[in-house]
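Q: Starting off with a structure, shown below.
Read the figures in this text as sums done on the coordinates, not as results from a lab. Predicted model only: the values in this text are computed from it and were never measured. Because the Cβ atoms are built from the backbone with ideal geometry, glycine has one as well, and the counts that use them run over all protein chains shown.
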Amino acid sequence: MKILIYALGLALVYLAPAEAAAPTSQCRFSGDTQVKSGTKYACLFYKGKSTWINVPKVKTSKLNQYERTKLKAYTEIRKQISTSEPKNIRLQFFVSDNFPKDLRTKYVAQINLSTRLYDQFFAPETPINVYLQTEKDEEFIDSTPILSRQKQDYANFLEYWRMNQGTSHVLGLVANFTEYTGKPEGHTGVILSSKTNAKSVQIYSEQVVPHEYFHVVQDYFKYKRDQVGYADDDEIDAIYPPIFREGSANTISTALGMGSFETYLLFYRVLVAQNKGDGAWPPFNTLTKKENVIAALKSIELRSNNPTINMPQFVLGSLVFEWLIAEYGFDAFKKLIYNQSLNINFEENLKLSLGITKDRLYDLSSEHIIQAFKFPLPR
C-alpha cells in the first residue's frame, strides 16, 4: 500500500462567472469543499490565490468527447452496483470509538455500497475486515500485526494529528488480501485525525475508502502468487504495473465515491490540474502530444524508474483505465482482474483479456489523457 496525499494545490477549468454564485467564505485549506444551492464547490489554491470551483450540470448532448468518455466509464462502473444484498463477502468492522461519528456513518455506507459492486469478484463466505482508526488508537494498531507492519506509511501523520495539524487528510491504513493472519482474508481501512469531521476533509477523501477496498479485490486474485514471493519490485511491476494497481483502483473508487457525475468531473479536474505548472512532475507539462504521453506512461511502468515519484501512476493510470472501461466495458476490465491469477505478465494479460498489446493501450488512450490535461489553470 502506498500512501497518497493529494495536495490539491491547483485549480481546475476556469468557469465563467455567469454560473451560480460561488461561496464567499474563505477557504480553510486547499481542497476545502462546500455545497451551495445543491452544487458542490472545491476551494483550490494556485500561486497564492484561492478560487471556489464547481462543475455545473450540463446536458449530455453538450458534453465534449473527453467528458462523454468519462460519463460512459462512470455509468459503466455505477451500473455494476447490485441492488441485491451481497452473497459472498462477509464484512467485519473494527471501528474506533474515537473515529468521528459523521465520517464513520459516511465511510460505513461507502463500504456497504462498494461491497455491492465488489461482491461479484469473491467466493462465498469470504471474510473482509474493515478498520476505521485514528491517532488515538496507536495501541490497537501496534497490537494488530496486519496494521502495525505498515505503520511507517502514516507514522508522521500520527504526530501531526496529535498537534492538530494536517487534519484534513484521510490516509489508507491497510489494503490487501492475504493469509498473513493464518487464513485467507481481506483487510481494508483508513486512518484520520480524531479531531476532524466530514466538513473538514479534502475532496480527495471521497474516494479513499473504496480505493483501499479495491486493492483487496486485486489482491484476491494474486495472493497465492504473493505467498511465493518475488525477486524484486521490477518482477512485481511486470505483472501488476503501478498504473494498473493504483490507476485502476482510482478509476473504480472515484466513480463509487462521487455521488454525481458533476462531482466526478470536479474531482478529476482537480486531480489533473494539481499536476500541472510549477513544481509538477516535468513530463506532466508536456502532455500535449501522443508521443509524450506514451513516453510518460512507459517511464512509470516500473517503480524503479522513478523511485521517489508515485503521483503519476494514480493520475495517468486512472485516465488510462477510465478510457479502457468506457471503450471496452466493465466486463472486459474484469477479465484483467481475474487473469491476475494466471501469473502472467501484464502484457500477456492484456492480450488474453482484451486482445491488445500494452503499446496499443497507451496509443489508444493517449488522446483521452491529452484532453484531460488541456484544462487551463486560473490566471
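Q: For Rg and Dmax of the Cα atoms in Å, pick the label among [x] 19.9, 60; [y] 29.2, 108; [z] 20.6, 66 that corresponds to the value derived from the coordinates.
A: [x]
Q: Then there's this: Determine the gain in length on full extension of the stretch residue 260-residue 359; use 0.36 nm per residue of separation and subtract their C-alpha separation, reporting nm with one decimal.
A: That works out to 32.4 nm of additional length.
Q: Suppose R0 equals 30 Å. What FRET efficiency, 1/(1 + (r/R0)^6) with r the Cβ-Cβ distance, do residue 101 and residue 332 give to the nearest 0.05?
A: Plugging the Cβ-Cβ distance into 1/(1 + (r/R0)^6) gives 0.15.
Q: Among 277-289, 128-140, how do they line up from the highest to the lowest mean number of other beta-carbon atoms within 10 Å?
A: Order by mean packing, descending: 128-140, 277-289.
Q: Of the candidates 320, 201, 58, which one comes out as most mobile in a Gaussian network treatment of the chain with C-alpha springs shorter than 10 Å?
A: Maximum fluctuation in the GNM of the chain, among the listed residues, is at 58.
Q: Same structure, new question: Calculate the FRET efficiency for residue 91 and residue 179 from the Cβ-Cβ distance with a Förster distance of 22 Å, rounded to the nearest 0.05.
A: 0.70
Q: Tell me the mean residue ellipticity at 222 nm calculated for the chain from its helices only (DSSP H runs of n ≥ 4, each -39500 (n - 2.57), averaged over every residue, nearest 500).
A: Roughly -12500 deg cm²/dmol at 222 nm, from the helical runs in the chain.
Q: If each residue of separation counts as 0.36 nm, what is the full-extension length gain between residue 24 and residue 352 once their alpha-carbon separation is subtracted?
A: Contour length minus Cα-Cα distance gives 112.8 nm.
Q: Using the structure shown, list the pairs from 49/195; 79/334; 40/199; 40/101; 106/334 with a Cα-Cα distance above 18 Å, or answer none.
A: Pairs exceeding 18 Å: 49/195; 40/101; 106/334.
Q: Based on Cα coordinates alone, diagonalise the gyration tensor for the stretch 121-229, multiply each eigenvalue by 5, take square roots, and list the semi-axes in whole Å, largest first.
A: For the stretch 121-229, the ellipsoid semi-axes come out as 27, 16, 11 Å.
Q: Let's test the formula: R0 of 22 Å, r as the Cβ-Cβ distance of residue 75 and residue 289. What FRET efficiency results, to the nearest 0.05?
A: The calculated FRET efficiency here is 0.15.
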